[in-house]
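Novice: Take this structure, written in structure tokens, and hold onto it; I'll ask about it next.
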Amino acid sequence: MKKTYNIAIDGPAGAGKSTIARRVAEKLGFVYVDTGAMYRAMALYFLRKGFDLKDEDKVGKACREISVDIRYENGEQQVLLNEENVSGLIRTEEVGNAASAISAYPAVRAALLELQRTLARTSDVIMDGRDIGTLVLPEADCKIYLTASTKVRAVRRYKELEEKGMVCSLEEIERDIIERDNRDMNREIAPLTQAEDAVYLDASAMTIDQVVEKIIALARERGLEQ
Ligand code: DC
């Protein structure tokens, strides 16, 4: 079987990973894999069932009851939680924060690793997350660490939420982002960190198109033929 081409994008919340990865995937005809959505689906399960998210033992054991899968509809990733399509329910701040909390547990990460690796083995993918270049796909052909200042990321989130008609305060969002970064970067297992061979991209002063073009150019430099 022909080896697939894998692009890994890691970085903190709100850096624009998913928007950019989706566009790169469209341009290259790759599959976009949003691993954050998988953690969010698991978090939704625990929130719905009223779990105490600090209870690692209980959360870990319950992972056996959960199956997360993905499928694609018109090129868009859909996340299935025990066969239910939950894609429309996982984009809230509450679910994002819960995902950040439970993703620090080894049992939760183990439940998703094989699915992520299988997707990368079977298709050309651009996969985004926190540990893709470091742990999930250490052999990825092209690795990017995408970030932006906390202020830029907070303003972006604020606008997104405002567009959805949600009332929020910029200060609160910035505080939330800093807290989430701290948790994701300082946990014991699979912390968010730049892989040694990843290219560092600070998108604070770049447009989306500039970042997309830069990533495609980097992939070409790293053996992508098209
Ligand atoms: O990218 P996101 O905001 O949808 O991710 C939600 C949370 O899931 C994030 O705060 C940390 C966790 N996550 C992770 O630990 N590893 C990944 N590869 C992706 C997400």
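Novice: Are any of the residues in region 44-58 under 24 Å from residue 25 (Cα atoms) and more than 16 Å from the ligand (Cβ to nearest atom)? Spell out how you get there, then give the answer.
Specialist: Pass one, region 44-58, residues under 24 Å from residue 25 (Cα atoms): none.
No, region 44-58 has no match at all.
Novice: From the list 4, 19, which residue is within 16 Å of the ligand (Cβ to nearest atom) and either in contact (Cβ under 8 Å) with a residue 24 or more places away in the chain or over 18 Å from residue 132 (Cα atoms) (or both)? Quick ask: steps written out before the conclusion?
Specialist: Numbers: 4 fails: within 16 Å of the ligand (Cβ to nearest atom).
So the residue among 4, 19 that is within 16 Å of the ligand (Cβ to nearest atom) and either in contact (Cβ under 8 Å) with a residue 24 or more places away in the chain or over 18 Å from residue 132 (Cα atoms) (or both) is 19.
Novice: Which fully enclosed strands (runs of 3 or more DSSP E) of region 120-222 have 2 or more residues being modelled with pLDDT of 95 or more and within 16 Å of the chain's Cα centre (by Cα)?
Specialist: Working: elements: 125-129, 142-147, 199-202.
Filter on region 120-222 gives 125-129, 142-147.
Novice: Sticking with this structure for a sec: Just checking, which of 108, 155, 199, 95 is closer than 14 Å to residue 38 by Cα and without any contact (Cβ under 8 Å) to a residue 60 or more places away in the chain? Don't jump to the end; show me each part of the working.
Specialist: Details: 108 fails: without any contact (Cβ under 8 Å) to a residue 60 or more places away in the chain; 155 fails: closer than 14 Å to residue 38 by Cα; 199 fails: closer than 14 Å to residue 38 by Cα.
Going through 108, 155, 199, 95 in turn, just one is closer than 14 Å to residue 38 by Cα and without any contact (Cβ under 8 Å) to a residue 60 or more places away in the chain: 95.
The values are calculated or read from the model by the stated rules, or taken from the named source; none is laboratory data. Only a predicted model underlies this, so the values are computations on that prediction, with no experimental measurement involved. Cβ: placed from backbone, ideal geometry, glycine included. Neighbour counts: every protein chain shown.
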